[in-house]
Each structure stands twice: as C-alpha cells, then as structure tokens.
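The values are calculated or read from the model by the stated rules, or taken from the named source; none is laboratory data. These numbers were taken from a predicted model, which means no experiment stands behind them. Virtual Cβ from ideal backbone geometry, glycine too; neighbours counted across all protein chains shown.
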Amino acid sequence: MIGAVFPLVRPLLHRLDAERAHDLTIRGLQLLPAGGPRGDDPCLAVDILGRRFPNPVGLAAGFDKGARVPDALLRLGFGFVEVGGVVPRPQPGNPKPRVFRLAADRAVINRYGLNSEGLDVVAARLRARAGRPGLVGVNIGANKDSLDRLADYAACTAALAPHVAFVTVNVSSPNTPGLRDLQGETFLDELLARVVEARDTAGSGAAILLKIAPDMALDALDSICATALRRGVQALVVSNTTVARPETLREKALATETGGLSGQPLFVPATRMLAQTWLRVGGSIPLVGVGGVDSAETAWAKVRAGASLVQLYSALVYEGPGLVGRIKAGLADRVRAEGGRSISAFVGRDARTLAGG
C-alpha cells in the first residue's frame with residue numbers, strides 16, 4: 001500500500017529541503033500499521049554470519065540513524081536493516097543544509113557529519129525491541145571531537161552488540177575529519193582488536209562487519225583485507241559514499257557541494273571495488289554490496305561481483321519503498337532463469353570481469 005502511494009507523495013516531498021523530507025518520512029513510518037509483506041521466495045534466503053537472512057536486500061545505514069523505525073522498515077520487505085551511525089555522545093553533525101538531491105543524476109550528496117542522538121538513546125531503543133523478529137544491525141563511529149576514537153568504537157560495541165545481529169565498524173565516512181585515516185593498517189589493526197574484544201566481553205553473538213571506502217588504492221585494499229581477516233572480521237561492507245565527482249554528473253552546480261556522493265553514479269566504482277575485494281577474500285568471509293543499487297539488475301550485478309547481501313538507500317529517494325519488492329521479484333526471476341535454486345550459488349561468478357570494468 002505504502003509503495004502505491006509514494007508516486008503521489010514524491011512531488012510534495014521533493015519540494016521540501018531533503019533533510020526535512022527525510023524527517024517527515026521517518027515520522028510517517030512511525031505511524032505505519034502493524035503487518036508486513038508476504039513471505040519471501042525461498043531461493044532468496046541467505047545463510048551467513050550464523051543467521052538466516054530471508055532475502056538479501058537490506059537498508060543501508062544513514063536512513064534510520066536513531067533506530068526509531070527498524071521494525072516498520074522490516075515490514076516494507078527488507079531482509080535486514082542497519083541503523084545508525086551511532087557515536088557515544090550526542091552530536092549535531094555539520095551545519096545545515098547538508099544533504100542535496102541530484103535529481104538528474106539519481107544521486108545524493110550528504111555531509112551530515114555523523115549526527116547522532118548518542119549511544120544511550122539508541123541502545124535503549126534497540127533494547128526495547130528485544131524478542132521481536134527481524135535482523136537489525138548497527139553502524140558505529142567516533143565523536144568528531146573525540147580524544148580517543150578507538151575507545152569510542154569499543155564503547156559503542158560493548159553497549160550495542162548485545163541487542164543486534166551485527167555491528168558495522170564505519171571507518172570510511174568522508175564527513176568526519178580524519179576518520180578515513182583509521183583505514184591505515186596500524187590503526188585498523190588496533191581498532192578491530194578493540195572492537196572484537198568489546199563484543200566478546202559483552203558476551204554477544206553479534207557479527208563484526210567492516211565498512212570501507214570506494215576511493216582507496218588497491219594496495220590499501222590488500223592491507224585492509226589482510227587485517228580484517230587476521231582480526232576475525234566476519235564480513236566486509238563495500239562501499240561507503242565517494243568523494244569523487246564523475247565528469248558525467250549533470251547537476252553541475254550541486255556537484256560542487258562537499259560531502260559523500262551516493263546513488264547511480266556510485267554504482268560502477270563501488271561494484272568494481274566489491275569485485276576487487278572478492279578476488280582478495282575469495283569467499284573466506286562474505287561481502288555486502290552497497291552503492292548504486294536501484295533495480296533488480298544492479299542488485300544482481302552486485303551478487304555476481306561477490307555480494308552475499310546488498311544494501312540500498314539513495315534509490316528510495318527516487319523510487320520509494322515499492323522498489324524493495326521489485327528488486328526481490330527480479331532477483332528471484334534471475335535465479336530461476338539461470339537454473340539455480342539459491343541466489344547464493346551466483347555470488348562472485350563475474351568478479352574477475354567486473355573487477356576491471
């Protein structure tokens with residue numbers, strides 16, 4: 001029902017400032033009645049991270065930063081939802097305006113700067129949903145003015161891991177000064193050690209995921225993959241937004257805005273990085289493909305590049321929640337058309353080709 005209404009509501013939402021429209025969307029989801037989508041096609045089920053995902057289509061971090069509506073989002077048909085990013089102390093993020101629609105490019109630029117209500121608020125909301133069905137993970141970061149960023153990540157992990165299926169360590173946001181420096185081998189090694197220790201001390205079974213940037217050189221990717229495997233990271237999320245600005249962007253004025261670019265223009269570089277990552281980890285740990293997923297075709301390409309799961313966010317701005325069902329139906333059709341019984345059988349089949357595309 002909500003998917004059918006979106007084409008009528010979209011013109012109204014797009015007349016508003018993008019952040020205001022997003023806030024109204026969250027409020028609308030809080031009013032969504034109970035109930036959910038029909039069961040998923042069995043061929044879409046994915047067994048990884050010690051859990052069964054009913055389908056591989058997830059919501060990326062950044063949409064529900066405060067964990068206000070994870071259950072409403074699951075009822076839209078997502079196989080899993082990632083809330084956050086969350087930092088220990090509340091912080092407002094960067095000055096407004098800080099998010100921009102590039103409509104002609106089906107893209108978004110944001111420089112939110114990890115605005116967060118803080119660890120205590122989000123932990124209380126996640127604790128309150130204990131026992132409810134559905135897989136929810138959380139994306140964590142560090143306060144902008146933190147004197148000990150490693151401690152920030154450990155604190156978030158200790159408080160949140162007992163209440164979620166997975167914790168995603170975000171070292172790749174372009175909007176927090178110095179954060180991407182934590183992708184360096186020495187810092188990353190200590191960071192992951194601290195996060196895994198915090199998870200284990202909390203007695204949680206949550207998986208630890210690492211989210212990386214699409215803009216790194218391949219030798220840096222080599223180091224990240226080796227460090228992640230050594231430290232027991234259970235999946236890599238590829239990738240965050242990009243600081244690059246392709247010459248093909250049509251919204252030339254908006255393209256000059258500072259921040260991370262997401263949406264259609266991110267698909268090619270993010271999918272190339274995904275395939276390159278698959279070639280390095282070779283199925284030893286699963287990958288989550290993010291960046292430019294806006295159709296069954298782009299989601300299928302992510303799977304063939306190496307993704308066991310995919311995530312989307314920016315495409316919802318233009319396509320609305322009905323997109324989730326269309327992607328799932330298209331993926332099931334692809335699996336059956338190619339004679340498969342499970343989507344997992346197709347993971348990484350085109351990685352070598354897409355790595356150089």
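Within region 128-156, restricting attention to residues that are within 21 Å of the chain's Cα centre (by Cα) and of a type in the set (S, T, N, Q), which residue is farthest from residue 50 (Cα to Cα)?
143
If you go through region 204-215 one residue at a time, how many are crowded, with 18+ Cβ neighbours inside 10 Å and more than 18 Å from the chain's Cα centre (by Cα)? Steps first, answer last, please.
Step one: of region 204-215, the residues crowded, with 18+ Cβ neighbours inside 10 Å are 204, 206-215.
With the extra rule that they be more than 18 Å from the chain's Cα centre (by Cα), the set shrinks to 204.
Residues that pass the stated criteria total 1.
Of all helices (runs of 4 or more DSSP H) completely enclosed by region 224-332, which ones contain at least 1 residues that are over 17 Å from the mean Cα position of the chain (by Cα) and among the β-branched types (Val, Ile, Thr)?
Helices (runs of 4 or more DSSP H) meeting the threshold: 267-281.
Would you confirm whether or not region 102-113 contains a residue that is in a helix (DSSP H, G or I), touching an Asp or Glu at 6+ places or on another chain (Cβ under 8 Å), of a type in the set (Gly, Ala, Ser) and in contact (Cβ under 8 Å) with a residue 12 or more places away in the chain?
Checking region 102-113: at least one residue is in a helix (DSSP H, G or I), touching an Asp or Glu at 6+ places or on another chain (Cβ under 8 Å), of a type in the set (Gly, Ala, Ser) and in contact (Cβ under 8 Å) with a residue 12 or more places away in the chain.
Is there any pair linking a residue in region 178-195 that is surrounded by fewer than 16 Cβ atoms within 10 Å (Cβ to Cβ) and in a helix (DSSP H, G or I) to one that is of a type outside the set (Val, Ile, Thr) and modelled with pLDDT of 70 or more, with Cβ under 6 Å and at least six apart or on different chains, and which?
Final answer for the pair search is 185/223.
Considering only region 217-243, how many residues are closer than 17 Å to residue 174 by Cα and loosely packed, with under 14 Cβ neighbours inside 10 Å?
Looking only at that region, the number is 1.
Yes/no matrix, rows are residues, columns are (1) over 28 Å from residue 208 (Cα atoms); (2) in contact with a Leu (Cβ under 7 Å, 6 or more places away or on another chain); (3) surrounded by 21 or more Cβ atoms within 10 Å (Cβ to Cβ):
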position: 245; (1), (2), (3): yes, yes, no
position: 251; (1), (2), (3): yes, yes, no
position: 275; (1), (2), (3): no, yes, yes
position: 279; (1), (2), (3): no, no, no
